[in-house]
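Visitor: Structure below; questions to follow.
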Amino acid sequence: MANPELFAASLPELVRDTQLQARFETDGENRFVVHTRSSSRHLAQEKWRSQRRLGSGGQGAVELQVKQVTESGLPQLRAVKTLNMPNELFSSIGKLHQRELETIAKFSQAKYSDHFVKSFGWFTSPGRIHIAMEYCELGDLEKYLSKCPLHRVSEAEAHDISSQILDALCSMHEEKYCHRDLKLANVLIMSTTPSWWIKLADFGLSKRDTTMAQTTAIRGTINYMPPELLGYIGDSDSADPYAVDMWCLGQVVFRLVAGQPMFSSLGTLSRYCRSEMEFPETLLRKYEEIDPHLVTFIQSLTKPQPGDRMSSDKASAHPWIKAEKHYSAPKSFDPEPNTTALFVQDEDSDQPSATWGSSETIRPAEHGRNTTSRAPWTSSDIAQDEASAEWPSQTTTHSINSTETQTARPVYTTPSNVIDAEKYKTVGNKLFREGKHIQAIEEYTKAIELDPTSTLYRGNRAAAYMTTNQYEAALQDCLKAIEYNPFDYRIYQRLFRLYTMMGQPEKSISIFARINPPPSPADIAKTNKMQENIQTAQKLIAVGTDLDYALQALDEAERGLGPGADVPREWRVMRADACVKVNTRESLSEAKRICDSIPYEVVPHVEVQMLLGRISYAQDNMDKALNYFRDVHKWLLALQFVDEQSEIFRDARRWIDLVENLVRLKEKANALFKEGHFAEARGVYTDALATDNKSKPMSAKLLGNRAQCNIRLGNNEMAIKDCDVAIGLDPHYIKVRRTKGTALHNCGRSEEALRVLEEARRLDPDDKMTAQNIKFTKAALAQKSQQASNMEDLFASFKNHNVSGSTSNPSTPLDLSNKPPPPPPRPIDPNTASNKQNSQRVPDSDGDFTFANPQDLFAEFFRAKGHDEGGSGTQLDASNGPRDPPRDSGKEGSSVSPGSPGFRFANPEDLFAQFGGGGR
């Protein structure tokens, strides 16, 4: 780990001058940071208490701190970002931290205060770097849009916001700095409509022009990355960082107006770069008629080629930016206090943006909404008038620096406000008891606007939100109330119930110790039951056993959710994982449906992409599976400070290697088969089957192909076994049923072959190859029936002329009605040197000889026929009868009749056909 003193010494003088002296204290319950400032007159001391964690991301974690003061007045707040001290001073991470400190020190100067979040200095602790910054209570643009209808703002508001972002970029570019990670989450809100004021934050990826040539790593946020950083255009190592900033600005403006990303996936971006799709102008015009200059403005910022994009200077002169946009303020707007809803986050966020007091992301209602019946939650005890509102002696808001002018003014609570707020609360309570919950929310909101720090008003509104299934809004009210009064047990009781209703029982359990008196036994039982079901499902799915029981546990957990609550994303991912592991056609379709319903959330979405890759693999769509796995691999490499030893990274790499190896083996075996190297092809197919068996359709194909090799090598029985296994894996695989029919036919089991082919036709009536095979098999069966009749005559003729010595005319018709049908023909075992034990003739009761096997009779017949005609044997043409594919004699599977050097028949039926044609 780098030495803190050496790290400080490596920084520019501007940054070193902002370093704060700090020591750390605790009173057992709270943590404090103490800064000491010396002057010629006295020693000044500041003491800051850690209040709560605001969020975390790829660059570090951020917490809210409040200044401890003895005199009366407004408390001062700050956000402190904590980074890990780099292991090596000049490592890539160390350089990033140095640049961040330099950039934020540079743009914390007074002349930049309108556009950038200000730093109050930095300090170190063992293994950590801390940056103190101003706290933006209204949060960031990304979380703000998540609360807006349609997740967008009007064009006029987008113009106001975009102009300020562009001004900030112009300032940075003029000073030869680039942000390199511009996104909605890094745009913090100082005030909203009708007078927007925003500031840029998070300079963790920023660079100066003097260091830009050293860029070798891909950094940023996937949804905002330009094509050159993703490898779609040019070389990412030499990407122009100024053009990167302008692309990101275009993405931000597009989202502000359209309410959604410009590109739904990396594949869409790739097609846009290849000119396979037009600029998505229709998305911009979806909700309102917009200025045509807005379209050209975004188009000019999002050109695929970096050199074609507008610079910040040219963008500032664009007609859309130069135009004045006007929009009306809400009717209830009071220009004195800023009454915008305050967004505060209590939990860690996946985005590094969430450092500045923002709310959790609200998932769209149409995704994953659970509508199954659930155990009812009672609300008879909520929103009751538990206490009278009191006029607090202090309000929690920003202190205003007398040297700065701020548009966002703090809300002050006055006695008259309290009186009016009480009236609104009383009306709200009455409406709530009457079941008019929407109207009650409106009255509670009026009370909160007059007294934002009242935990009673926020608790009552949270109760009303819960009864109308607005759980996220209820959660924000509870968290805000706890921020103002961390000792109000009634809020914790409500929060305990709310977390469980939202599918977060672990959070309910985590706050249980703070609740006195404790929650009701019924609430505790619901929470424990939900937690047990989720833990059971997690364990079973992880090991891949009792998956049906795991799915039942998830069903039971979902029944504990509040009415209309969204099924948590993690639960949906678990269910999809279980369905993939069940690995049936129906379960894979269900897993795909679940994955498609999960909203896109960038980094966490790699889990869904991995699931989609596994689904495609299990369905034998190898190209699609590879694309999913490679995208995940690429995204993880592009993320900030990705750990290449992380489990999901190694899992993606393992799947890529597995699929590529399986496809390679299959292609190699197919090539050997086409070249006629059937034995070698069979071996490679066997190797492929040993690689993995999770793709049932792929394994069925490999087994079917190996069966084809066995047929050509004369191993029809082995081919039948492979086909049976393949059909068990994929009952809808028609081709392998045809292969089995061929193998059965070659073994003389034509009746079984016909039954297999008829089943194939039932599954796919339109398959022409199956119809042809059925026609051929029926013809062979008819020919076999005719040959059986001919064989009866053959037995009689042979017996009369060559065995018993009878002189009866062989052409005389014989009465064979009482004779049993002949045994079915059997192929000769190619591995048997002779059939002596089968060739013994046994005299019957009449003194005649019978044979245990028709082949023995044929051998005896031709032996006798050869003696009569003076020949050593007869070689017949067996081309008319059904038989195995042609092969060389002496090779594996060759059908040469033992004891008859010149006698070659693949099937005794060939002999019948020859005898019937030439012997009569």
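The values are calculated or read from the model by the stated rules, or taken from the named source; none is laboratory data. Every value quoted in this text rests on a predicted model; they were computed, and no experiment measured them. As a convention, Cβ positions derive from the backbone with ideal geometry for all residues, glycine included, and neighbour counts pool all protein chains shown.
Visitor: What do you reckon, is Thr527 among the β-branched types (Val, Ile, Thr) and without any contact (Cβ under 8 Å) to a residue 60 or more places away in the chain?
Guide: yes
Visitor: Now for a separate question. Between a residue in the stretch 26-55 that is closer than 14 Å to Gly121 by Cβ and any residue that is modelled with pLDDT of 90 or more and among the β-branched types (Val, Ile, Thr), which pairs come within a Cβ distance under 6 Å, given they are 6 or more apart or on different chains?
Guide: Taking only residues 6 or more apart or on different chains, the pairs are Trp48/Val33.
Visitor: Identify, from the list Gly560, Gly544, Gly613, the residue that is surrounded by fewer than 19 Cβ atoms within 10 Å (Cβ to Cβ) and outside the structural domain of Asp730 (by TED's automatic domain parsing).
Guide: After ruling out the rest, the residue left standing is Gly544.
Visitor: OK, next. If a residue must be free of Cβ contacts under 8 Å to residues at least 40 places away in the same chain, closer than 16 Å to Pro599 by Cβ and in contact with a Lys or Arg (Cβ under 9 Å, 6 or more places away or on another chain), how many such residues does the stretch 553-581 contain?
Guide: 1
Visitor: Just for the stretch 414-447: of the residues that are at pLDDT 90 or above and acidic (Asp, Glu), which one is nearest to Tyr465 (Cα to Cα)?
Guide: Glu442
Residue-by-condition table, conditions (1) crowded, with 18+ Cβ neighbours inside 10 Å; (2) in a loop (DSSP other than H, G, I, E, B):
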| site | (1), (2) |
| --- | --- |
| Lys111 | no, no |
| Trp122 | yes, no |
| Ile131 | yes, no |
| Cys136 | yes, yes |
| Glu142 | yes, no |
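Visitor: Which residues, counting only those in the stretch 263-294, are within 32 Å of the chain's Cα centre (by Cα) and under 16 Å from Ala156 (Cα atoms)?
Guide: Leu284, Arg285, Lys286, Tyr287
Visitor: Could I ask something else about it? So Gly307 ticks every box in (1) outside any loop (DSSP other than H, G, I, E, B); (2) modelled with pLDDT under 90; (3) closer than 22 Å to Leu166 by Cβ but one. Which box is left unticked?
Guide: Condition not satisfied by Gly307: (2).
Visitor: Another question, if that's okay. Considering only the stretch 238-253, I want to know if a residue exists there that is modelled with pLDDT under 90, in a helix (DSSP H, G or I) and crowded, with 23+ Cβ neighbours inside 10 Å. Before the answer, list the steps.
Guide: The first filter runs over the stretch 238-253 and keeps only residues modelled with pLDDT under 90, leaving 238-241.
Filter again for in a helix (DSSP H, G or I), leaving 238, 241.
With the extra rule that they be crowded, with 23+ Cβ neighbours inside 10 Å, the set shrinks to none.
Within the stretch 238-253 (the criterion being modelled with pLDDT under 90, in a helix (DSSP H, G or I) and crowded, with 23+ Cβ neighbours inside 10 Å), the answer is no, since none of the residues qualifies.
Visitor: Which one of Leu188, Leu169 is crowded, with 22+ Cβ neighbours inside 10 Å, modelled with pLDDT of 85 or more and in contact with a Lys or Arg (Cβ under 9 Å, 6 or more places away or on another chain)?
Guide: After applying the criteria, what remains is Leu188.
Visitor: Going by the conditions given, is Ala550 in a helix (DSSP H, G or I), without any contact (Cβ under 8 Å) to a residue 60 or more places away in the chain, touching a Leu at 6+ places or on another chain (Cβ under 6 Å) and closer than 22 Å to Ile594 by Cα?
Guide: Criteria met by Ala550.
Visitor: Then there's this: Suppose the filter is part of a helix (DSSP H, G or I), surrounded by 13 or more Cβ atoms within 10 Å (Cβ to Cβ) and free of Cβ contacts under 8 Å to residues at least 12 places away in the same chain; does Thr282 pass it?
Guide: No.
Visitor: Looking at Asp692, Asp730, can you tell me which residue is surrounded by fewer than 24 Cβ atoms within 10 Å (Cβ to Cβ), under 41 Å from the mean Cα position of the chain (by Cα) and at pLDDT below 90? Give the steps one after another, and end with the answer.
Guide: Values: Asp730 fails: at pLDDT below 90.
Within the list Asp692, Asp730, the selection yields Asp692.
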